[in-house]
Amino acid sequence: MLVDILRKIPTEFETTRTQNRRMTFDDADQMLQVWSDEDVTRFMNIETFSTVEQAREIILAILQEKAANRYVIMDKTSGEIIGSFGINELYIDTMTAEVGYELKKKYWGSGIMSEVLQAFMQIVQSTSNILIFTAKVAPENEASIRLLEKLGFHFEKTVSELDMSTKTLKAIKQYSRGII
Ligand SMILES: CC(C)(COP(=O)(O)OP(=O)(O)OC[C@H]1O[C@@H](n2cnc3c(N)ncnc32)[C@H](O)[C@@H]1OP(=O)(O)O)[C@@H](O)C(=O)NCCC(=O)NCCS
């Protein structure tokens, strides 16, 4: 059932500035360049990676997860992978998809993630029964909160999440957006 829902969502699409396609194992080298920057991983609740094996491990985990998908974002002009995004988890009882995303630092603040997520959510809603999008954000992650608000998300509640680096619970803000 979960697989069927995610399978209907196109595996690639483009926006004005980007080409986006499902992440594969072969993207590990280029994704390491994104996930090895501690400014990028600070609010992602993952370690800052230093080896390509770590990038391969996380890609493998994503590819094996039936309730998730992940896309790489490529700069159309250079072909360079500049980030990724996707559905971290699908909650079938409420048809809710939790999204996650990150960009290389030099591309921050140029509106690229807004462009990509806007297109992605439209595609998801026209090709699946997903009704609601959610995102979990650290309260200090002002760029991500601003991005979500621009995309029509609203603050829903504060939830607890296990911090993978400190192994303690921390408060996280949950935002959500229904069909627009
Ligand atoms: C979150 C992230 C994807 C945003 O990408 P982006 O392409 O820069 O997003 P956009 O440019 O579309 O929008 C960001 C908005 O936040 C604003 N912003 C950026 N940094 C900010 C800050 N420190 N404080 C307040 N607002 C900020 C930008 O000005 C922009 O708003 P505007 O269009 O009104 O000017 C990017 O910062 C990132 O990859 N961060 C690291 C990974 C991460 O935190 N992922 C999300 C985990 S929940």
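A short reminder: the numbers here are calculations on the coordinates, not readings from a lab. Quantities reported herein were computed from a predicted structural model and do not represent experimental measurements. Here the Cβ is made from the backbone with ideal geometry for all residues, glycine too, and neighbour counts use every protein chain on show.
Observations, loosely collected:
- Calculated on the alpha-carbon coordinates, the convex hull of segment 87-180 measures out at 108 cubic angstrom per residue.
- Straight-line reach from LYS173: taking Cα to Cα under 19 Å and skipping same-chain neighbours fewer than 8 places apart, the aspartates and glutamates in range are GLU89, GLU98, GLU102, GLU140, GLU142, GLU149, GLU156, GLU161, ASP163.
- Cα-derived Rg over Rh, computed across the chain with Rh taken as Kirkwood radius: 0.93
- Hypothetical label at PHE25: residues of segment 68-94 whose amide nitrogen lies under 20 Å (7 Å Cα-Cβ projection): 68-72
- Computed over the chain, relative contact order equals 19 percent, with contacts defined as Cα pairs under 8 Å that lie 6+ residues apart.
- Taking 20 Å as the straight-line reach from the Cα of LYS167, the lysines in range (excluding those fewer than 8 positions away in the same chain) are LYS136.
- Cα gyration tensor shape for segment 1-101, rounded if a/c is under 1.5, else prolate or oblate: oblate
- Couplings 3J(HN,Hα) of segment 12-20, computed from phi: 8, 7, 10, 10, 3, 9, 10, 10, 10 Hz, in residue order, whole Hz [Karplus 6.51 cos²θ - 1.76 cosθ + 1.60, θ = phi - 60°; x for Gly and Pro].
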